[in-house]
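Comments concern the structure below.
Read the figures in this text as sums done on the coordinates, not as results from a lab. Quick caveat: nothing in here was measured; it's all calculated off a predicted structure. Using ideal geometry, Cβ is built from the backbone for each residue, glycine included, and neighbour counts are taken over all protein chains shown.
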Ligand SMILES: CC(C)(COP(=O)(O)OP(=O)(O)OC[C@H]1O[C@@H](n2cnc3c(N)ncnc32)[C@H](O)[C@@H]1OP(=O)(O)O)[C@@H](O)C(=O)NCCC(=O)NCCS
């Protein structure tokens, strides 16, 4: 099935554990301000987990001006015009990893614990599954325990842990963890959405 067909499922409304309704849809060019504000709300200690300088407006401007959903598909969750979460499917589109999608997720600190990340990663995995990818992977540093726990609940297994392998923006070393889900055999765990 093509990506275009998958994208026709959006915008999509989902209900959170507290009953709030959020809209899920891919990033658009006019999301620049709201997307930048979302990243500014992320505490400094967590921003070091992110691979890009997302507080820099020019980085977000560049993303919004050069949207290529076949390569990077940022699925946003919006509530009253505010971006409250982002789950992205990254694809290589060639080379050794062309059959593997990479998933990343970030939830606004004020909107955590309501099932947003779980629901969004589930959506991204469904898109990956229906666009012909065979596997999805997710990368973490050792301190991202909540995220590692959540991906494990969704059926991802630990593929690799390398001690003191990566460095954050302040050049401090951290363990590197790679988790993965085989879309041709493994099933995601049930119970998404609450
Ligand atoms: C990790 C993160 C994405 C979770 O987002 P969230 O919307 O709060 O997660 P959910 O509400 O969907 O929770 C899903 C499950 O994860 C677990 N979980 C979430 N936060 C947790 C925490 N702080 N400690 C332990 N477990 C936690 C819970 O078991 C929860 O399952 P439950 O609903 O059955 O109780 C969010 O804390 C975040 O953005 N962290 C920083 C960025 C990051 O680490 N991203 C991952 C890199 S790919």
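A few points about this structure:
- Three-way shape call for region 88-194 based on the alpha-carbon gyration tensor, with the a/c threshold at 1.5: oblate
- Distance (nanometres) between label positions extended 7 Å along Cα→Cβ at residue 82 and residue 13: 2.0
- Residue separation of residue 170 and residue 29 scaled by 0.36 nm, minus their Cα-Cα distance, works out to 47.7 nm of gained length.
- Packing here is the average count of other Cβ atoms within 10 Å per residue, and on that basis the peptides 50-58, 132-140, 25-33, highest first, run 132-140, 25-33, 50-58.
- In this label model, residue 163 and residue 2 are separated by 5.1 nm, measuring between points 7 Å along each Cα→Cβ vector.
- DSSP assigns beta bridges within the chain; of those with both partners inside it, close to 90 percent run antiparallel.
- Under the shape rule built on the C-alpha gyration tensor, where the axes satisfy a ≥ b ≥ c, the chain is rounded, since a/c falls short of 1.5.
- Computed over the chain, relative contact order equals 19 percent, with contacts defined as Cα pairs under 8 Å that lie 6+ residues apart.
- Highest-MSF residue in the chain out of 146, 117, 41 [GNM, Cα springs under 10 Å]: 146
- Highest-MSF residue in the chain out of 144, 23, 91 [GNM, Cα springs under 10 Å]: 144
- Difference of contour (0.36 nm per residue) and Cα-Cα distance, residue 126 to residue 62: 20.3 nm
- GNM result for the chain, Cα springs below 10 Å: residue of 173, 15, 157 fluctuating most strongly: 173
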